[in-house]
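Below is one structure, written out as structure tokens, with a few remarks after it.
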Amino acid sequence: MNTDTKFKGCQTIFDRTGNALFPGVWNSQELFVAVTGPLGETYWKGRRVLDIGANTSGLSVEIARRGASVVAIEPDQSSNSRVIARSVLDDVIETEALDITLRSEGLFDSHTLGEFDTVMCLGLVYHFRDQQFVLDYLSTLKSRDLIVSNQTAPGNDLIMVNRMDPSVPVPVDFWKNYKDALSGWHPTRPLFERMLTYAGFTNVTALTDPTFNYPQKPFRSVTNSAYFHASYGRAVDPVASRYKYLAR
Ligand SMILES: C[S@@+](CC[C@H](N)C(=O)[O-])C[C@H]1O[C@@H](n2cnc3c(N)ncnc32)[C@H](O)[C@@H]1O
């Protein structure tokens with residue numbers, strides 16, 4: 001494989017010595033640092049981890065190398081990530097005898113996959129029209145910890161900025177041939193932290209430098225601007241909560 005060109009929308013798969021076997025624009029080693037933060041590498045040893053929207057699974061590989069047992073789900077509807085990295089991924093998993101199960105379920109199938117110590121939902125929540133629905137759904141999974149990332153709007157107001165608003169700087173042609181303004185929102189950090197607590201999560205803490213917001217990133221080639229750790233508390237039914245009248 002030509003490792004000079006980097007695949008767009010893909011995580012790099014590294015070998016044990018740090019050589020890129022499958023080159024992607026998202027750096028899995030940096031992503032590993034972002035999702036580990038102050039938890040420290042030993043956090044992953046012996047953990048059962050669900051990686052939702054695992055992409056090429058380059059990050060899952062890094063986590064499995066630290067002794068975790070990872071279920072990496074990726075539907076890859078456009079056949080532009082896992083499918084093209086698959087032979088490299090299979091080789092790495094076999095050569096290093098990594099404990100990774102590759103599956104193709106989507107986010108909303110996660111509840112069928114059993115119990116985990118850590119659920120990771122990275123680079124996904126802002127791709128849905130209702131972020132709180134996604135967080136409420138995540139709260140119903142059987143897990144102890146959640147690691148979640150998001151694109152965060154700058155500032156401390158309790159607001160969400162529509163991703164299509166001209167004030168949100170996006171790469172040229174990002175919205176070409178795309179018109180749905182409900183494709184996503186960027187909440188500010190204080191709002192997103194509250195949203196996690198409304199979904200029943202507790203101990204919400206930033207894993208990456210909290211001064212970074214979209215379009216900045218805490219590391220050069222990670223996917224999002226903000227990475228958080230939270231503990232599972234109560235579950236919030238994503239459908240029932242939609243029917244609830246909120247006084248005032
Ligand atoms: C922005 S990328 C983030 C990839 C990776 N989690 C990261 O943070 O580096 C979003 C990923 O979600 C996957 N995806 C799309 N729809 C999904 C769904 N319904 N459930 C789970 N993953 C989905 C995409 O194929 C893509 O790999």
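The values are calculated or read from the model by the stated rules, or taken from the named source; none is laboratory data. Keep in mind that this is a model prediction, so the values were computed, not measured. We place every Cβ from the backbone using ideal geometry, glycine too, and count neighbours over all the protein chains shown. Just so you know, the surface numbers come from the protein's heavy atoms only, side chains and all, with ligands and any DNA or RNA stripped out. Shrake-Rupley method; radii C 1.70, N 1.55, O 1.52, S 1.80 Å.
Miscellaneous remarks
- Qualifying strands (runs of 3 or more DSSP E) (wholly inside the stretch 126-226; at least 3 residues being open to solvent by less than 40 Å² (accessible area, probe 1.4 Å)): 145-150
- Flag for Pro238 being within 16 Å of the ligand (Cβ to nearest atom), modelled with pLDDT of 95 or more, over 28 Å from Ser28 (Cα atoms) and surrounded by 19 or more Cβ atoms within 10 Å (Cβ to Cβ): yes
- Scan of the stretch 101-146 for residues that are among the basic types (Lys, Arg) and either within 12 Å of the ligand (Cβ to nearest atom) or within 16 Å of the chain's Cα centre (by Cα) (or both), ordered by number: Arg103
- Tally, over the stretch 126-168, of residues that are of a type in the set (S, T, N, Q), farther than 20 Å from Tyr227 by Cβ and touching a helix residue (DSSP H, G or I) at 6+ places or on another chain (Cβ under 9 Å): 2
- Scope the stretch 30-88; condition in contact (Cβ under 8 Å) with a residue 60 or more places away in the chain, away from the ligand (no atom under 13 Å from the Cβ), over 17 Å from the mean Cα position of the chain (by Cα) and farther than 16 Å from Arg144 by Cα; matching residues: Pro38, Val88
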